[in-house]
Structure formats: structure tokens, C-alpha cells
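Remarks on the structure that follows.
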Amino acid sequence: MNPTRSLIFPPTSRYHNSETASLLQADGTELIYLKRRFLPSPERFTLLQEHVVTQGERLDNITARYLGDPLQFWRICDANNAMNPPELVAQVGRRLRITMPEGIPGIPNVG
């Protein structure tokens, strides 16, 4: 494998800083792929507030409400150590951590 090429993802993508690798196939074509992405440690997130899940809620709507973009659902997944996004809203009453982006310190919203 030769990780000499990289794919470009926008800064809002969960894959923005992901490393790539390549595989030379039998026919000579090069297949470029993303290396495995591991969930970041919860300590890397500054808690802003919590959200209590209610009946019928969807993660994209929660994300739009708190982060202003439904496509950023993966940030709530990362902050709550979740590999499977639907699990986060499956249980009514679950408390979801709404945080700053990974590694960005901040002062929680008090009030």
C-alpha cells in the first residue's frame, strides 16, 4: 500500500482529516480508500449542554436545532461515543451531549 494520495473532504465532513491508503489491483489500477476512522475519546469534547430525547425525535432534527446543520449529526455521534446514529434517539429520556467540535476548548453555555 502506498498512502501517497489523499482525498479532499470539506472541513465540515467527519472525514476531513482522514488518512488514505492505496491498493494496486491485479489489472494495474490503483484503488484509493480511506483508512479506518476511530471514534474520538469523549474527553476531547467540551460539553455545551445536554438534550433529552423525546418520543419520535430524529437525530438530524436535533442536530439542525443545536448545530444549525442536519448533516453534522456525526458530531453528536462522536460526542456520545456512538457508532450507530439511530441508537442515540431509540430510547426516550436518553441524555445526548451537545459539544464543541472535537479538540476545541470552550466555555459551556451557562444560563
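How far apart, in nanometres, would the label points at residue 30 and residue 8 be if each is projected 7 angstrom from Cα along the Cα-to-Cβ direction?
1.7
Helix-only estimate, please: 222 nm mean residue ellipticity of the chain, summing -39500 (n - 2.57) across DSSP H runs of length 4 or more and dividing by its residues, to the nearest 500. Display every interim value, and only then the final one.
Numbers: 2 runs with 16 residues, N = 111.
Computed mean residue ellipticity for the chain: -4000 deg cm²/dmol.
Relative contact order for the chain: what is it in percent, counting Cα pairs under 8 Å that are at least 6 residues apart? Intermediate values should be presented prior to the final figure.
Numbers: 175 pairs, mean separation 30.2, N = 111.
This gives 27 percent for the chain.
Which whole-number percent is the relative contact order of region 42-99 (Cα, under 8 Å, 6+ apart)? Let's see the in-between values first.
On the way: 83 pairs, mean separation 28.9, N = 58.
It rounds to 50 percent for region 42-99.
Return, for the Cα atoms of region 44-85, the radius of gyration and Dmax in Å, separated by a comma.
According to the Cα coordinates of region 44-85, Rg and Dmax are 10.0, 30 Å.
Please identify every one of the chymotrypsin sites (Phe, Trp or Tyr not before Pro) in region 22-66 that sits in a loop by DSSP and has no more than 12 other beta carbons within 10 Å of its own beta carbon. Spell out each step's value before the answer.
Numbers: sites: 33, 38, 45, 66; in loops: 38, 45.
Loop-located and lightly packed - 38.
Rule-based calculations on the coordinates, nothing more; no lab input. Because the structure is a prediction, the values reported are computed rather than measured. Methodologically, a virtual Cβ is constructed for each residue, glycine included, from the backbone with ideal geometry; neighbour enumeration extends over all protein chains shown.
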